[in-house]
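Taken together, the values in this text are just the output of simple stated rules run on the coordinates, not laboratory data. From a predicted model like this one, the values you see are computed outputs, not experimental measurements. All Cβ positions, even for glycine, are placed from backbone atoms using ideal geometry, and neighbour counts span all protein chains on display.
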Amino acid sequence: MAEITHNSFIPCNRAEMTQRGWDELDILFVTGDAYIDHPTFGTPLLARLLEAEGFHVGILAQPDWRDPEALKIMGRPRLFAAISAGAMDSMVNHYTAAKKVRNDDAYTPGGRSGARPNRAVIAYTAAVKGAFKGLPTVIGGIEASLRRLAHYDYWDNKVRRSVLVDSKADLLLFGMAESALTALAWRMHQGETIDSITDLRGTAYLARTGPDDAVQLPAYEEVSSSTAAYNLAFKLASEQKNPYSGKALLQPHGNRMVIVNPPTMPLEAEQLDRIYALPFTKRPHPSYREPIPAYAQIKFSITSHRGCFGGCAFCAITHHQGKTIQSRSEKSVVDELDRLSRHPEFRGTVTDVGGPTANMYGLHCNDPQAQAACRRESCLYPQICKHLDTSDQQAVALLRKLRSHPAVKHLFVASGIRFDLLNRQPEYFADLIKHHVGGLLKVAPESTSPKVTKVMRKPGPQVFEKFLQKFREQSQKLDKKQAVIPYFISSHPGCTLDDMIDVALFLKEHNLRVEQVQEFTPTPGSLATCIYHTGQDPFTGEVVHVPRNPNERRQQKALLLWHLPENRKDVIDALRSCNREKLTGQLLPDSTQKAKPSHRTKKGSRRN
């Protein structure tokens, strides 16, 4: 492998620009994450793509937004600044579901918190505008993408304006922005001004008037004061997410309008292959002296596809990456493994091959006409769509090809899987259990209460039970000590204490114990957040229970962790409040014994 030097990375300072013979950048990227030159992260991926197009690009990673000089170290870019909060919404990154400040940040050297500001897109854009008067600013990434319209903000407990309005940026790019950003860069390079570029898919802009055929949403002033208007806006926007048939959205904000163009078209395999063949070093920038926790998780992982058609209510992946599965070719993935195997620290273990949902690789709609007109939020719920090709042949062939690579000793699937697909993927399921489970397999039933899974848009307990039984039977036949890591959410809209008691009983009956629970956090863009704010399902009008009381939220979490002695009092209180004290002996271990968890789950978010 060629020696990795500072010049192997996208420039991050003036000295690295000089090494390339550059006096000026064309595009300056500003990001809230440390710079890890890996395609898992959006800013390096986009920077490498524009570099391949011939543009001079630089990355300012986690600059001090309070110091204008920190923004000027590479000078004023010729075309524009592209600004992102990073791989996470900055408010989710900074605060727990209880709104307590987190004391760590996986995307920062040393795992320290505080390297990026709250509402980073707004703060960074203001800093760039202060440092470079009149420079066009483009915002993107998960924070901008999910806040592109007026949205409920959990941390302010109110509806905020589009982040395009609050940041005063010139253009917003939503979703996976390769096509839109590349087209924008070329058009500005050819002399077009940013305020004249209003026709790009995957972008949002401010204007006094909008396209004649745009779908008008209730105005910010309406949705901020009326939950009925908020629900209507969410429903109307959801109906236009299909890139094959969706129309532009228009939402008044005062005397201006936020215009959201239709989403970009899904990338073809050839386009994805080109992106993942770019010369990523797959390492942090050499200026860092401390480890970056997020890098350890993805160092020897491979992304095989993007998108998710699961449509889970609490997840915003579909809102950001889209519902269409976009898969790389087998050759592209194998070529990446070849390069990965030459990494000096590679010892034969590929930690993950997958995407948002591992067993969706190669899946697609088999009816183009149905796909073009589709308005379903999920291809799996309430039942698997008849047009969905669920064949596991491509995924099976890929995994078999990869694990036969001479440099590979172990190859794991650590991305979450959809267990409700596995009964249609028998070969994938068999190979997964036999070859690709590193002792623990992550699945996400989220709940086992039929009433709650209905709100979540997830399969019910019967499907999970059948999967669990088959997993255990097959592992036993193979004489493999393997277990399922089941992820559950507490305090999700629709979940009462009674429901959570039933879930706890299910866990005990099936000998399942979890050590970490995701307490529901209303993040921008998701259906569950809409329900949390309005108390109603925007599609059916059904009134939904929303756990807001801190005691109820604490007790719900305790019930999922019923086996931990420190939760005993909260579990008893929950049983008593539901008049179900008779279950105390059935649910709780003997008070003289300390229950030991059967395994620990790893930290990290999952969206399956």
note = In nanometres, the difference between 0.36 nm per residue of separation and the alpha-carbon distance of GLN516 and ASP479 is 10.6 nm
query = By how many degrees, 0 to 90 and rounded to 10, does the Cα axis of helix 178-189 deviate from the longest principal axis of the chain?
reply = 10 degrees
ask   = Separation of region 529-567 and region 339-368 by C-alpha centroid, Å?
value = 34 Å
query = For region 362-376, what does the Karplus curve 6.51 cos²θ - 1.76 cosθ + 1.60, with θ = phi - 60°, yield as ³J(HN,Hα) per residue in whole Hz, taken in order and with x for Gly and Pro?
reply = x, 7, 6, 6, 9, 9, x, 5, 5, 4, 5, 9, 5, 10, 5
query = Classify region 225-306: rounded, prolate or oblate, from the alpha-carbon gyration tensor (a ≥ b ≥ c, eigenvalue square roots; a/c under 1.5 rounded; otherwise prolate if a/b is larger than b/c)?
reply = prolate
ask   = Considering only TYR532, LEU478, CYS578, whose Cα is most displaced toward the positive end of the charge dipole of region 439-608, charges sitting on Cβ of Lys, Arg (+1) and Asp, Glu (-1)?
value = LEU478
request  = With a point put 7 Å past each Cα toward its Cβ, work out how far PHE539 is from ARG375 in nm, to one decimal.
outcome  = 1.1 nm
Stokes-Einstein diffusion coefficient of region 439-608, Kirkwood radius over Cα pairs, 20 °C, 1.002 mPa s, in µm²/s = 128 µm²/s
ask   = Relative to the compact globular guide of 2.2 N^0.38 Å, what is the alpha carbon radius of gyration of region 286-425, as a ratio?
value = 1.16
ask   = Given the pairs LYS331/LYS401; LYS454/LYS582; LYS241/LYS458; LYS72/LYS129; LYS508/LYS582, which are separated by over 18 angstrom at their Cα positions?
value = LYS454/LYS582; LYS241/LYS458
request  = Treat every Asp and Glu Cβ in the chain as -1 and every Lys and Arg Cβ as +1, leave all other atoms uncharged, and give the resulting dipole magnitude about the Cα centre to the nearest 20 debye.
outcome  = 1460 debye
request  = Would you please report the Å³ per residue occupied by the convex hull of the alpha carbon atoms in region 372-479?
outcome  = 121 Å³
remark   = For region 26-102, shape from the Cα gyration tensor axes a ≥ b ≥ c, cut at a/c of 1.5 then a/b versus b/c, turns out oblate
task = Beta carbons within 10 angstrom, averaged per residue: use that to sort the peptides 427-435, 206-214, highest first.
result = 427-435, 206-214
Only Lys, Arg (+1) and Asp, Glu (-1) charged, at Cβ; region 353-494 dipole about Cα centre in debye = 220 debye
request  = Convert each backbone phi in region 145-152 into a coupling constant with the Karplus relation 6.51 cos²θ - 1.76 cosθ + 1.60 (shift: θ = phi - 60°), then list the ³J(HN,Hα) values in order as whole Hz, x for Gly and Pro.
outcome  = 4, 7, 10, 6, 10, 4, 8, 6
ask   = What residues qualify as long-range amide H neighbours of SER490, i.e. H under 5 Å apart, gap of 5 or more or another chain, H built at 1.01 Å from N?
value = GLN518, GLU519, PHE520
key: By average C-beta atoms within 10 angstrom, highest first, the peptides 467-479, 490-502, 515-527   = 490-502, 515-527, 467-479
task = Would you work out the charge dipole size for region 150-233 about its Cα centre, treating the Cβ of every Lys and Arg as +1 and the Cβ of every Asp and Glu as -1, and quote it to the nearest 20 debye?
result = 140 debye
note = With the dipole of the chain defined by +1 on each Lys or Arg Cβ and -1 on each Asp or Glu Cβ, the option from SER245, LEU46, MET257 whose Cα lies farthest towards the positive pole is LEU46
note = Taking ILE59, ILE122 and counting other beta carbon atoms within 10 angstrom, the fewest-first order is ILE122, ILE59
key: Local net charge near PHE132, Cβ-Cβ under 10 Å (Lys/Arg +1, Asp/Glu -1)   = +4
Percentage relative contact order, region 439-608, counting C-alpha pairs under 8 Å, at least six apart = 23 percent
Candidate aspartates and glutamates for bridging to LYS451, where Cα separation is under 15 Å - those fewer than 8 sequence places away on the same chain excluded = ASP498, ASP499, ASP502, ASP537, GLU542
remark   = Helix 120-131: inclination vs the chain longest Cα principal axis, degrees, rounded to 10, gives 10 degrees
ask   = If we sort 137-147, 218-228 on the protection proxy, mean other Cβ atoms within 10 Å, highest first, what's the order?
value = 137-147, 218-228
Acute angle (nearest 10 degrees) that the helix 42-52 long axis makes with the longest principal axis of the chain, alpha-carbon atoms = 40 degrees
ask   = Three principal axis extents, largest first, for the C-alpha atoms of region 160-310, in Å?
value = 48, 40, 32
inquiry  = If neighbour count is taken as other Cβ atoms inside 10 Å, put SER329, SER304 in order from fewest to most.
reply    = SER329, SER304
remark   = Checked against the positive end of the charge dipole of the chain (+1 on Cβ of Lys and Arg, -1 on Cβ of Asp and Glu, about the Cα centre), the farthest of LEU560, ALA370, ALA296 is LEU560
note = The Cα radius of gyration of the chain, divided by 2.2 N^0.38 Å with N its residue count, comes to 0.96
